[in-house]
Amino acid sequence: GLPLLGNIHQLQPEKLHILLEEWAKQYGEYYRLKIFNKDVVVVCQHDLIMHMLKNRLHTYNRPENFVVTLKELKIDSLFTNNVEDWSTQRDLVTKSMNINKLRGAYEVFDGITNKLLTKWAKKTESGKDFSLVIDVRKYTFDMLSAISLGYEANSQNDQNNDFFNAMDKIFEVMNKGAQAPFALWRHFYTKYDKQTIASVNLVVDKINSIIDENVKRRDSSAEAFTDCNILSSLITENRNGGTLTQDQLVGN
């Protein structure tokens, strides 16, 4: 590294994971980077990684800049909690992700997957180049939207899907914020920051409206509510004694 700067000149955010892997091959399962005056230890040893994950919050925690960035993006969830809140929310969220509750979503997954295969069949017949990366990102988004919210985003067949574009922006900002040595956006607002805020507001409004629809459907149904998605299960668990606020429900 360089004096004062450390190794920051060697870090390339767009391929950071590849760099870390290459350095692990060169320096071994443990090595240290310096980012300005901060020491960063990279661990590639499976047993220790599992130990750290199991002891998260009690012994190890997420980097403060990552947690603050998530909260700024309205992600008040398991990823941003202190020990007490984390234990409570983890129990609720884990129950909501029970495989027996989500098994009915397989049919939805099948439909989303067939849409992708049909799309690729048409594209390959045309003989024109196309981006596998964008298609797979949209496919992943549609799958996650279905399993987490019970919402059919259909971004695969929509060139300018606002929900997908806004979430894409949020993930991009989350990664940048977690890696940034300085939080410049807290001091200087740029056009990029304004677009980020607009994306966050769009996603929060969208999820709130999906929650409202879910609650109305549940209240108007005489039968037991059995939607196969995490949101519905979270709402059920919350009604059975859970303590999630609306913001935490949206954040998770």
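Here are the numbers:
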| quantity | calculated |
| --- | --- |
| Solvent-accessible area of M52 with every protein chain in place, 1.4 Å probe, in Å² to the nearest 10 | 50 Å² |
| Cα long-axis angle, helix 230-239 against the chain (0 to 90 degrees, to the nearest 10) | 80 degrees |
| Dipole magnitude of the chain about its Cα centre (Cβ charges: Lys, Arg +1; Asp, Glu -1), debye to nearest 20 | 420 debye |
| Environment charge at L53 (Cβ cut-off 13 Å; Lys +1, Arg +1, Asp -1, Glu -1) | +3 |
| Angle in degrees between helix 132-149 and the longest Cα principal axis of the chain, rounded to the nearest 10 | 60 degrees |
| Radius, Kirkwood style, for region 127-218 when every pair of distinct Cα atoms is counted (Å) | 15.0 Å |
| Rounded to the nearest 10 Å², the accessible area of M97 at probe 1.4 Å | 110 Å² |
| P(r) histogram, all alpha-carbon pairs of the chain included - 5 Å bins from 0, percent | 1, 5, 10, 12, 15, 16, 15, 12, 8, 4, 2, 1, 0, 0 |
| Contact order normalised by residue count of region 33-126, Cα under 8 Å, 6+ apart, percent | 12 percent |
| Residue order for E14, E172 - accessible surface, 1.4 angstrom probe, largest first | E14, E172 |
| Total formal charge among the other residues, if their Cβ is under 12 angstrom from that of L116, Lys/Arg +1 and Asp/Glu -1 | +3 |
| Of K54/K74; K15/K138; K115/K138; K74/K206; K71/K169; K123/K169, pairs whose Cα-Cα distance is over 18 Å | K54/K74; K15/K138; K123/K169 |
| List W86, W120, ordered by accessible area with a 1.4 Å probe, largest first | W120, W86 |
| Overall form of region 1-148 per C-alpha gyration tensor (a/c, 1.5; a/b vs b/c) | oblate |
| Nearest-20 debye value, region 87-193 charge dipole, Cβ charges on Lys, Arg, Asp, Glu | 220 debye |
| Rounded tilt (10° steps) of 162-179 against the dominant C-alpha axis of the chain | 30 degrees |
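The values are calculated or read from the model by the stated rules, or taken from the named source; none is laboratory data. Just so we're clear, the structure is a prediction, and the values are computed from it rather than from any experiment. For neighbour counting, all protein chains shown are included, and Cβ atoms are generated from backbone atoms with ideal geometry for every residue, glycine included. When the accessible area is computed, the model is the full protein with side chains, heavy atoms only, and any ligands, DNA or RNA have been set aside. Shrake-Rupley method; radii C 1.70, N 1.55, O 1.52, S 1.80 Å.
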